[in-house]
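Quick one: the structure is below, and I'll ask about it shortly.
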Amino acid sequence: MTTSRTARGFGICLLGMLVYLCPIDASNAGSHCGPGGTVNASGTCDCPKCFTSVGPAGGAHCAPAQKMVGCSGSSNNNSKCGGPGQPKCLSGVVPADYAIPLSIKGNTFIAGSSDFNDNDAGPQHAVTVGDYKLDKYEVPVAEYEKCVTAGSCKAPPKDLDTMVSGGNRCNWGTNRKAHPMNCVTFYEAEAFCKFKKKRLPTEAEWEYAAKGGTKNNVFPWGAKDPTCQLANFSGAGPVSPGCGDGTTPIGTKTAGASAFGAQDLAGNVEEWTFDYWGNFSGLPANGANPYAPEQKSALGRHTVKGGSWDLSSPKDMHSVRREPVDATTRQNWLGFRCAEGPTPTSAPELLKKEEVTAVTPPPIVIAPPEPAPNVPAPNDLGSMIKVQGGKFDMGSTDDTLSSPVHSVNVSSFQIDKYEVTVGDYKKCVDGGKCAPPLLLMSMNCNYNVPGREGHPVNCVEWSDAKRFCGFAGKRLPTEAEWEYAARGNTGRTFPWGKNEPSCTYAAFSPDGKQKCASSTQVVGTHPAGVSWSGALDMGGNVEEWVYDFFGDYDAGASSDPQGPKTNDQDLHVIRGGNWNDKSFTLRAFGRWYTKQGSDWIGFRCAKSN
């Protein structure tokens, strides 16, 4: 939130719907406390109502208070407003040192992770980065506005609420001026950095700053598991403002700074980098300032780094975290920061072995993936399978989200043999009963792409899936029905049985190998992966929306459970693995949750007998 200069040394602080005046002592603007703060006898700061003293004696400064609540009443302090249903929000101003980048001394470090399951960050490899500068903070809305005003940046579309899943979390056009600029594409982030005579950081530069260089920190702040004092993410207790409930003002989590002083490298928003996406296994073992694989990603995907406010796993806050995102994507969990330094080159300059002091792991031999058969769309699309009801043990002790194991009785029902295809979904759109998928979500969205009529429709929200099933005279399957159709009462690990996954059984990304397919495949392409009930693609291709809101399992026995009636974050369960994920996600008991569609999420329908 920017602080405006107004008459007589008062700044305006916006807190949700509340506006109040915060006194600023202009005579003390040059002290280390910053505008509005005064140095006290202990060497820390006495700060105005908007702020709190952060840092050691002699080096403290006034930072936005962690929790500020804006209400329709008269409260204007740092306490919570009374009464149920009062809006909660975070105060904030753009930090006084926002424009001062961090000067980072380069070195050779170990990039990546030795664990292939750690965010696609394996194998480890030694990389040398040169000296560079990196923004201390993520780019806030207030700064992006300046670029738009200057005509060098495009303003995001006005219909972000409908274009982006969870668009009300996009900060553009709100009073969240000190929050990170999210819901921007790669190209918009790139244009802003160019406006500032900077560029996006390379993945290597970003990770070097997060790991503390040669410190090789697991998290930017060290080895301690993340908390809401260290990062804005949703896995540290009840979701609340500043703890997984949307973005926070930049620099709010000062305790989570990296060894170089960079803020919010874990949590708040993930960040675009300069690099095209590629597996580390394709890079030379040792490289200098690499920015990408030798070839550009055919799908225009770039690497994004860091965790975000809506992620819950501690692993999602790892310094090595990386994932591919299409350059045209807008997400409320995605922003950026800029860097300064020599323009990266496409061909990494190899180091001589004697120049590398770090120990690198032995080379890993990658076997080519098994080819997936190229088959036409089945001629029985839309057909359903009758599933005889019964009792089974739902869940598994091998997965936290899937435990405890509990006995469930399921009545007989019918379920679609295949995932709903683009061709079938288009009939609903043409009939005016369904909304088109959010095509700007990803370049891998199948709708209206020639030749993909037989692929599963993806990039749809839970409400879209529910609406289509109603249009077809069906409904979404419950989570219990889905798992029963996938594994039956014999406790199958995977829909096809106990055999380990391969490209013969499913479209997925084999661990440490190339993908079975570069995107989704025609439904029914993997007949060997059929479940006991006769349903296809219950492991791989796309994950599938089910009827249930997400919630912990009850330990007791139940009949035809439908999950909780609601939850605080509007999270729904998705089941099955997808073309872009690893083998463990294909387990028939695996469950995940989300509230927004993706290019890896589709659905199938069910019907009661």
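Given R₀ = 60 Å, FRET efficiency for residue 435-residue 41 by Cβ-Cβ distance, to 0.05?
Calculated transfer efficiency: 0.45.
Can you tell me the FRET efficiency between residue 489 and residue 584 if r is taken as the Cβ-Cβ distance and R0 is 22 Å, rounded to the nearest 0.05?
Working: r = 23 Å, r/R0 = 1.03.
My answer for the efficiency is 0.45.
Please report the Cα spread of the range 100-215 along all three principal axes, rounded to whole Å, starting with the longest.
Principal extents (largest minus smallest coordinate, Cα): 44, 33, 21 Å.
Placing one identical point scatterer on every Cα of the range 453-539 and ignoring solvent, what is log10 I(q)/I(0) from the Debye formula at q = 0.15, 0.26 Å⁻¹?
Rounded to two decimals, the profile gives -0.68, -1.28.
Moving on. Work out, step by step, the length gained on full extension between residue 399 and residue 552: first 0.36 nm times the residue separation, then minus their alpha carbon distance; give nm to one decimal. Could the numbers behind the result be given before it?
Working: separation 153, 0.36 × 153 = 55.08 nm, distance 1.22 nm.
Stretched out fully, the residue 399 to residue 552 stretch lengthens by 53.9 nm.
Okay, which of the range 308-323 sit inside 16 Å, backbone N to the point 7 Å along the Cα-Cβ direction of residue 255?
Hits in the range 308-323 for residue 255 at 16 Å: none.
Output wanted: per-residue J couplings in Hz (rounded whole) for the range 494-499, from phi through Karplus 6.51 cos²θ - 1.76 cosθ + 1.60, θ = phi - 60°, x for Gly and Pro.
10, x, 8, x, 9, 4
Could you state the per residue volume, in Å³, of the convex hull enclosing the Cα atoms of the range 389-449?
Details: hull volume 10.2 nm³, N = 61.
Convex hull volume per residue, Cα atoms: 167 Å³.
Is the range 531-609 rounded, prolate or oblate when judged by the Cα gyration tensor, a ≥ b ≥ c being the square roots of its eigenvalues, rounded requiring a/c under 1.5 and prolate requiring a/b larger than b/c? Could the numbers behind the result be given before it?
Values: a/c = 1.63, a/b = 1.24, b/c = 1.31.
It is oblate, given that a/c is not under 1.5 and a/b is not larger than b/c.
Sequence gap at least 6, Cα distance under 8 Å: using those rules, report the relative contact order of the range 459-538 to the nearest whole percent. Display every interim value, and only then the final one.
Values: 78 pairs, mean separation 21.1, N = 80.
Over the range 459-538, the number comes to 26 percent.
For a bin width of 10 Å, list the pair-distance distribution of the range 130-282 built from all Cα-Cα distances, rounded to whole %.
The distribution over the range 130-282 is 11, 36, 37, 15, 1, given as percents.
Let me ask you something else. Enumerate the whole-percent occupancy of each 5 Å bin, from 0 to the last occupied one, for all C-alpha pair distances of the range 379-422.
Answer for the range 379-422: a P(r) of 5, 19, 15, 14, 17, 18, 9, 3, 0 percent.
Can you give the FRET efficiency to the nearest 0.05 for residue 343 and residue 97, using r as the Cβ-Cβ distance and R₀ = 30 Å?
Details: r = 26 Å, r/R0 = 0.87.
According to the calculation, E is roughly 0.70.
Modelling each spin label as a point 7 Å along the Cα-to-Cβ direction, I'd like the residue 149/residue 412 distance in nm, to one decimal.
7.0
Only the coordinates and a few stated rules stand behind these numbers; no lab work does. Predicted model only: the values in this text are computed from it and were never measured. Please note: Cβ atoms are built from the backbone with ideal geometry, for glycine as well, and neighbour counts cover all protein chains shown.
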